[in-house]
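Asker: This is the structure I want to talk about, given as structure tokens.
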Amino acid sequence: MRGSVPVRLGLSENRAQFALLVAVTAFVGAMVGLERSTLPLIGQDDFGLASSAAVLSFIVAFGVAKAATNLAAGVLAERIGRRRLLVLGWLLALPVPLLIALAPSWEWIVAANALLGVNQGLTWSMTVVMKIDLVGPKRRGLALGLNEAAGYGGVAVAAAASGWLASGFAARDVLVVAGAVVAVTALMVSALFVRDTAAHVALEQARDHADADGQPPALRVAMRNASYRVPALRSCSQAGLVNNLNDALAWGLVPLFLVAHGASAAQVGLVAGIYPAVWGLGQIGAGHWSDRVGRKPLIVAGMLVQAGALALLAASSGTVGVAALAAVSLGAGTALVYPTLIAAISDAVSPIARAPTVGVYRFWRDSGYVVGGLLTGVLADTLGYGGTIAVVAGLTAASGLWVAFDMPARGVRVKATSGRARRAEA
């Protein structure tokens with residue numbers, strides 16, 4: 001019981017809290033989406049950065065901070081609660097617009113993005129896990145599709161709007177004002193209206209996993225299982241990393257690629273908005289579809305579609321129309337993959353092990369920003385933009401084939417290591 005209200009699992013049974021968390025996730029996406037059209041251009045125009053590797057350093061800082069925060073959030077969620085971490089994440093977002101506004105050098109922008117990575121790691125991790133907690137196992141794919149659709153819908157709207165506004169106002173002013181509005185609004189909503197979901201976790205654990213250990217796995221156990229030991233988990237972790245490597249390229253390199261071929265800020269905003277818009281909307285259907293046909297077919301197909309989209313972009317010579325078509329295809333492929341990977345991870349572990357294991361997966365997934373920022377920045381300075389995009393297309397195709405050969409057709413549930421066994425290992 002939660003007060004006098006019975007705790008129940010299900011999407012319709014928890015529709016008010018679920019809808020509220022969907023709205024919060026849209027704010028999470030908007031916070032990072034504001035940078036999609038503006039920050040690479042700010043690096044070139046306001047700070048005079050000529051090297052792609054230097055411009056993309058903000059993505060590396062973001063990725064390192066977000067990946068590490070995901071890992072910590074998975075463990076802390078069981079200790080101090082999901083809602084508290086969500087509120088903390090929004091508190092840490094408040095200084096980001098101020099740092100960008102006052103930045104006398106690019107290093108301040110990099111530091112602001114490290115803080116933004118912490119914000120994203122806490123807030124997005126908690127909204128994902130809390131939605132999974134609420135709905136239970138039967139409609140997990142749909143719940144994750146709705147979650148990611150809201151988040152990347154927020155990314156798309158913010159990216160397109162900031163690109164459009166940056167064509168008439170200073171890009172940094174657009175980013176600062178809009179970022180402050182998003183952070184303050186989301187903090188108020190989270191602090192005043194969101195409720196914790198610990199009771200839902202306890203209910204599902206007792207109802208469906210009574211024979212499982214009642215303690216979450218140690219971090220080292222979750223890390224080992226999700227990184228290399230369990231095929232159902234390791235194949236998801238590597239696919240998530242490559243997926244976000246692609247996103248780092250789309251975020252940091254594609255605007256520079258288009259501008260180098262004569263695109264305007266508004267055209268960059270259009271392409272930057274199309275990709276997450278298709279990604280966001282497509283995830284609703286993809287998540288529901290994965291509940292019916294299984295996770296593996298959608299993951300494999302999605303990675304291969306992404307590879308084809310990147311190959312098309314590499315061959316486009318920066319033509320805006322072709323780049324827009326590639327953005328549609330890249331968004332469609334990502335929509336098939338993104339919610340399905342988290343659903344596959346959740347399928348393979350018990351409720352009590354969910355937050356730590358999802359945290360490890362999200363650590364590897366968001367390490368893709370680090371790998372992507374470093375790899376694409378260095379390659380762009382040596383191979384050029386088109387060659388770099390072609391290399392990433394090949395890596396994405398290889399990742400899809402990895403899933404095809406390594407992931408079981410249906411996820412195999414991994415039992416959390418008991419406290420006694422953990423002490424014996426130690």
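The values are calculated or read from the model by the stated rules, or taken from the named source; none is laboratory data. All of these numbers come straight from a predicted model, not from anything done at the bench. Cβ atoms come from the backbone with ideal geometry, glycine included; neighbour counts cover every protein chain shown. Keep in mind that these areas ignore ligands, DNA and RNA; they rest on the heavy atoms of the full protein, side chains included. Shrake-Rupley method; radii C 1.70, N 1.55, O 1.52, S 1.80 Å.
Asker: Given the criterion open to solvent by less than 10 Å² (accessible area, probe 1.4 Å), farther than 24 Å from VAL358 by Cβ and more than 19 Å from the chain's Cα centre (by Cα), identify the matching residue among GLY163, GLY136.
Answerer: Exactly one residue qualifies, and that residue is GLY163.
Asker: Could you count how many residues in segment 134-166 are within 14 Å of LEU34 (Cα to Cα) and of a type outside the set (A, V, I, L, M)?
Answerer: Residues meeting the conditions: 7.
Asker: Separate question: Just to be sure I understand, how many residues within segment 42-65 are of a type in the set (A, V, I, L, M, F, W, C) and free of Cβ contacts under 8 Å to residues at least 60 places away in the same chain?
Answerer: Going through segment 42-65 one residue at a time, the tally reaches 4.
Asker: Out of segment 166-175, which residues are in a helix (DSSP H, G or I) and either within 12 Å of VAL28 (Cα to Cα) or open to solvent by 30 Å² or more (accessible area, probe 1.4 Å) (or both)?
Answerer: Listed by number, the residues that qualify are ARG172, ASP173.
Asker: Further, regarding this structure: Tell me which helices (runs of 4 or more DSSP H) are completely within segment 215-300 and hold 2 or more residues being free of Cβ contacts under 8 Å to residues at least 60 places away in the same chain and surrounded by fewer than 24 Cβ atoms within 10 Å (Cβ to Cβ), or say none if there are none.
Answerer: 219-224, 265-293
Asker: Is segment 184-203 home to any residue that is open to solvent by less than 50 Å² (accessible area, probe 1.4 Å), touching a strand residue (DSSP E or B) at 6+ places or on another chain (Cβ under 8 Å) and part of a helix (DSSP H, G or I)?
Answerer: yes
Asker: Here's something else I'd like to know. Criterion first (surrounded by 24 or more Cβ atoms within 10 Å (Cβ to Cβ), out of contact with any Gly (no Cβ under 6 Å at 6 or more places or on another chain) and polar (S, T, N, Q)) does ASN119 satisfy it?
Answerer: no
Asker: Cβ-Cβ distance below 7 Å, separation of 6 or more or different chains: which pairs start in segment 172-192 with a residue that is free of Cβ contacts under 8 Å to residues at least 60 places away in the same chain and end on one that is open to solvent by 40 Å² or more (accessible area, probe 1.4 Å) and not in a helix (DSSP H, G or I)?
Answerer: none
Asker: Could you tell me which residue of segment 18-44 is nearest to the chain's Cα centre (by Cα), considering only residues that are crowded, with 19+ Cβ neighbours inside 10 Å and either polar (S, T, N, Q) or part of a loop (DSSP other than H, G, I, E, B) (or both)?
Answerer: THR25
Asker: Just the residues that are closer than 20 Å to VAL337 by Cα and buried (at least 21 other Cβ atoms within 10 Å of the Cβ), please, taken from segment 371-390.
Answerer: GLY372, ILE389
Asker: Sticking with this one: Looking at segment 14-30 only, could you name the residues that are hydrophobic (A, V, I, L, M, F, W, C) and free of Cβ contacts under 8 Å to residues at least 60 places away in the same chain?
Answerer: ALA16, ALA19
For (1) open to solvent by less than 10 Å² (accessible area, probe 1.4 Å); (2) modelled with pLDDT of 95 or more, each residue gets a yes or a no:
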position: ASP347; (1), (2): no, no
position: SER350; (1), (2): yes, no
position: GLY359; (1), (2): yes, no
position: VAL392; (1), (2): yes, yes
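Asker: Consider ASN113 against the criteria (1) over 26 Å from PHE18 (Cβ atoms); (2) assigned to a loop (DSSP other than H, G, I, E, B): it satisfies all of them except one. Which criterion is unmet?
Answerer: It fails just one condition, (2).
Asker: Looking at the structure I just gave you, is ALA72 within 27 Å of GLN215 (Cα to Cα), open to solvent by 10 Å² or more (accessible area, probe 1.4 Å) and part of a helix (DSSP H, G or I)?
Answerer: yes
Asker: Let me ask another. Inside segment 204-213, can you point out the residues that are open to solvent by less than 50 Å² (accessible area, probe 1.4 Å) and at pLDDT below 75?
Answerer: Correct list: HIS209, ALA212, ASP213.
Asker: Count, please, the residues in segment 313-341 that happen to be part of a helix (DSSP H, G or I) and either touching a Pro at 6+ places or on another chain (Cβ under 7 Å) or surrounded by fewer than 24 Cβ atoms within 10 Å (Cβ to Cβ) (or both).
Answerer: Within segment 313-341, residues that are part of a helix (DSSP H, G or I) and either touching a Pro at 6+ places or on another chain (Cβ under 7 Å) or surrounded by fewer than 24 Cβ atoms within 10 Å (Cβ to Cβ) (or both) number 10.
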